[in-house]
Amino acid sequence: MRVDIDYGCEHLSVAIADRDLLPVHRKPALAPIADPVSAVRDALETPLGFPALRRALTPDDHVSVVLDERLPRVGALLVSVLEHIASAGVSAESITILCPVSSPIPEWRNLIPEPFRAVHVEVHDPSDRRQLSYLATTRHGRRIYLNRRAVDADQLVVLARRSYDPLLGYSGSVGAIYPALSDEATQREMVGLLSLMVPGDEPWPARREAAEVAWLLGAPFMIHVVEDQGDDLCQVTSGLADTDGDSIRALNARWHGTVDQLADNVIASITGDPQRQTFAELGAALACSERVVKPDGRILLLTDALPSLGTAAEIMRESSAADQVLKVLRKQPPPEMAGAFQWVSAAERAKIYLLSRLPAETAEELFTTPLERPNQVQRLLDQGGTCVFIPDAHKTMLEPLNSARE
């Protein structure tokens, strides 16, 4: 039979024997949102268990908006939030947009309309003590230092996507505040909590601590965004931190799945705008693939991306063996640590073939075998073995039903 594969804005069709194709069991897909900007506006007017956000604001308030820059259509979504805040009489000069240090996509700033050009934009630097403010001490005795703009704000608003995360289990919501806006020492310590486990009903330790930090802040307002395939969205909700269960359920309904057994070959793709496909997205796609591939199997990751490579990737390129990379990275964790952890873990388990716009030499230094042409995918599949196909693997959480991972 033939299997169609979308990657980036490109398309590929491959042939596979019926007996070799392992199905992915998922719930029926949610319908994509036709108008994401209107969905954000509606969510702000009708939060879960809370009045419209504008009703909680006064013209004298200082508002900080924590922005996940990797959201699709991030500029348009942000403008709808700014317009809602302004409708309460808050001036542009009283609004700050806070971005985490690892955010790689600044183009949204060019989309800010004239009425909001006076909005402040701050990129969080966990090593800059001038940006940090002491908040409180947690019940376990940790002194919490957060970005000063978040601590001092009269209202903190979070606009972030809900996704799977190797530190928090589920990203977005409280995790967009902590440890994302914390100090360098805290972020370095969190590296020891990175995990390849599948998140469940019980919050992971980092997420529990993040929830406590959000409580200490008062009542941060969350806008939860769940992505659909490519650059589409399938759900937008809002409310206080305790309303995040709805978005987690929507994420799992759209992106969680199972396979009957581990596969010899995992063919993973990333669709949508290639400029949004970062090193972190590639790492997440490899982590998803790693969960369902046999030891020493093959992962074929298909992208149309030329991601910028930060400190973590440069350290990977300078290392001769994957099993040594994490030891080096843990001594001075870079912002891209989570993606590197996922990437290296996959390279230790399986052989990775990468179709991307990275130079072949660079791809090889990242412990992958570069594919120069899409038709090389078919040649690899012709060598036989069971196959699992994972579209948008960077958003997906798959687990084998029978497993005990081998």
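The values are calculated or read from the model by the stated rules, or taken from the named source; none is laboratory data. Just so it is clear, the structure is predicted and the values come from calculations on it, not from any experiment. Using ideal geometry, Cβ is built from the backbone for each residue, glycine included, and neighbour counts are taken over all protein chains shown. Just the protein is used for accessible areas: all its heavy atoms, side chains included, with ligands, DNA and RNA removed. Shrake-Rupley method; radii C 1.70, N 1.55, O 1.52, S 1.80 Å.
Highlighted here are the strands (runs of 3 or more DSSP E) found entirely within region 153-264 that include at least 1 residues which are closer than 30 Å to Ala92 by Cβ and either more than 14 Å from the chain's Cα centre (by Cα) or basic (Lys, Arg) (or both): 155-162, 221-227, 233-240. Of everything listed in (1) over 29 Å from Ser127 (Cβ atoms); (2) hydroxyl-bearing (Ser, Thr, Tyr); (3) open to solvent by 50 Å² or more (accessible area, probe 1.4 Å), the single unmet condition for Thr311 is (1).
Give Val66, Val101, Val81 a once-over and let me know the one that is part of a strand (DSSP E or B), in contact (Cβ under 8 Å) with a residue 40 or more places away in the chain and under 27 Å from Gln229 (Cα atoms). The unique qualifying residue is Val66.
Would you confirm whether or not region 101-115 contains a residue that is farther than 29 Å from Gly75 by Cα and open to solvent by less than 20 Å² (accessible area, probe 1.4 Å)? Among the residues of region 101-115, not one is farther than 29 Å from Gly75 by Cα and open to solvent by less than 20 Å² (accessible area, probe 1.4 Å), which makes the answer no.
For region 110-150, a tally of residues being free of Cβ contacts under 8 Å to residues at least 24 places away in the same chain and either assigned to a strand (DSSP E or B) or touching a Gly at 6+ places or on another chain (Cβ under 9 Å) (or both) returns 4.
Looking at Ala340, Ala347 in this structure, which one is open to solvent by less than 10 Å² (accessible area, probe 1.4 Å), assigned to a helix (DSSP H, G or I) and in contact with a Phe, Trp or Tyr (Cβ under 9 Å, 6 or more places away or on another chain)? Just a single option satisfies the conditions, and that option is Ala340.
For region 18-33: of the residues being over 25 Å from the mean Cα position of the chain (by Cα) and free of Cβ contacts under 8 Å to residues at least 24 places away in the same chain, which is least open to solvent (accessible area, probe 1.4 Å)? Per the stated criteria, the residue is Asp18. Do we have any residue at all in region 390-399 that's free of Cβ contacts under 8 Å to residues at least 60 places away in the same chain, under 27 Å from Arg70 (Cβ atoms) and out of contact with any Gly (no Cβ under 8 Å at 6 or more places or on another chain)? No, every residue in region 390-399 fails to be free of Cβ contacts under 8 Å to residues at least 60 places away in the same chain, under 27 Å from Arg70 (Cβ atoms) and out of contact with any Gly (no Cβ under 8 Å at 6 or more places or on another chain).
For Ala160, the criteria (1) in contact with a strand residue (DSSP E or B) (Cβ under 6 Å, 6 or more places away or on another chain); (2) over 21 Å from Lys27 (Cα atoms); (3) surrounded by 24 or more Cβ atoms within 10 Å (Cβ to Cβ) hold in every case but one, which is (1). Which of (1) within 30 Å of Pro113 (Cβ to Cβ); (2) open to solvent by less than 60 Å² (accessible area, probe 1.4 Å) is the odd one out, the single condition Asp60 does not satisfy? (2) is the only condition that Asp60 fails. Restricting attention to region 359-390, and to residues there that are out of contact with any Lys or Arg (no Cβ under 9 Å at 6 or more places or on another chain), open to solvent by less than 20 Å² (accessible area, probe 1.4 Å) and outside any helix (DSSP H, G or I), which single residue is farthest from Val3 (Cα to Cα)? Out of the qualifying residues, it is Leu371.
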